[in-house]
Structure formats: structure tokens, C-alpha cells
Amino acid sequence: EVVEVLAKGGRSRIERIVSTGQVTPDGRWYDEASDEWVLLVSGEARLRIETESEDRHLRPGDWLFLPAHCRHRVTWTSTDPPAIWLAVHILPE
């Protein structure tokens with residue numbers, strides 16, 4: 001997986017993430033201190049939010065807003081084409 005910071009300043013950071021089959025390791029959850037808005041630009045992915053019983057299947061153009069401390073994990077990403085994400089992180093004031 002490749003993470004490239006496209007811009008950052010003040011309380012925000014914008015990243016381009018290219019996933020080629022990578023997933024969050026079993027038992028691990030992302031628990032970010034910042035709000036995160038993600039857009040799937042290409043490929044497909046599945047993401048699980050801890051409080052939900054099923055994965056969300058994301059396709060190009062699908063987006064999610066994950067408030068700070070919304071525990072989530074990536075359960076699948078496509079390889080051909082790769083899953084390309086645009087992620088905007090906004091730190092609390």
C-alpha cells in the first residue's frame with residue numbers, strides 16, 4: 001500500500017492511498033483522533049465499521065465520513081484495478 005500526502009496545513013491533511021489487496025490485520029481497528037472523509041476514486045473495497053454488522057462495499061465515487069474515534073477496518077481491496085482512495089483528515093480544534 002502506498003500513502004502519499006498531497007497537502008497539509010493547519011488542522012487538515014489530504015492523502016492519496018493506493019491499495020492493491022491490502023487489508024487491516026485481523027483484530028486491529030483504526031481509531032483515528034481526527035475526523036476522516038474518504039472517497040474511493042477507483043477500484044473496489046470493503047470497509048467495516050465496528051458498530052455495524054456488515055461490511056460496506058465501496059465502488060468508485062462512494063464516500064464515507066468517519067468521525068474521530070469511529071473504529072473501522074478495511075476488509076478487502078481490489079488489485080486490478082487497484083483501490084485508490086482520497087482521504088481528508090481534519091484534526092479537532
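The values are calculated or read from the model by the stated rules, or taken from the named source; none is laboratory data. It should be emphasised that the depicted structure is a prediction, and the values quoted were computed from it without experimental measurement. A quick note on method: Cβ atoms are made from the backbone with ideal geometry, for glycine too, and the neighbour counts reach across all protein chains shown. The area values use the complete protein model at the heavy-atom level, side chains included, leaving out ligands, DNA and RNA. Shrake-Rupley method; radii C 1.70, N 1.55, O 1.52, S 1.80 Å.
Residue check: is Glu36 among the acidic types (Asp, Glu), modelled with pLDDT of 95 or more, more than 17 Å from Thr79 (Cα to Cα) and not in a strand (DSSP E or B)? Taking the combined requirement at face value, the residue does not satisfy it. Within the stretch 55-89, the residues that satisfy the criterion of being in contact with a Lys or Arg (Cβ under 8 Å, 6 or more places away or on another chain) and more than 14 Å from Leu40 (Cα to Cα) are Asp55, His72, Arg73, Thr75, His89. If the condition is being in a loop (DSSP other than H, G, I, E, B), surrounded by fewer than 15 Cβ atoms within 10 Å (Cβ to Cβ) and touching a Gly at 6+ places or on another chain (Cβ under 8 Å), then the stretch 77-93 contributes only Pro81.
Hey, can you tell me all the residues within the stretch 42-71 that are touching a residue at least 40 places away in the same chain (Cβ under 8 Å), surrounded by 15 or more Cβ atoms within 10 Å (Cβ to Cβ) and outside any loop (DSSP other than H, G, I, E, B)?
Within the stretch 42-71, just Ala45 meets the criteria.
For Arg16, the criteria (1) open to solvent by less than 80 Å² (accessible area, probe 1.4 Å); (2) within 22 Å of Pro82 (Cβ to Cβ) hold in every case but one, which is (1).
Please determine whether any residue of the stretch 17-32 is closer than 19 Å to Glu93 by Cβ, assigned to a loop (DSSP other than H, G, I, E, B) and not aromatic (Phe, Trp, Tyr). Yes, the stretch 17-32 has at least one match. Six or more apart or on different chains, Cβ atoms under 7 Å: show the pairs whose first residue is in the stretch 1-20 and polar (S, T, N, Q) and whose second is surrounded by 14 or more Cβ atoms within 10 Å (Cβ to Cβ) and outside any strand (DSSP E or B). The qualifying pairs are Ser19/Glu1. Look at (1) surrounded by fewer than 18 Cβ atoms within 10 Å (Cβ to Cβ); (2) part of a strand (DSSP E or B) and you find that Val74 fails only one, number (1).
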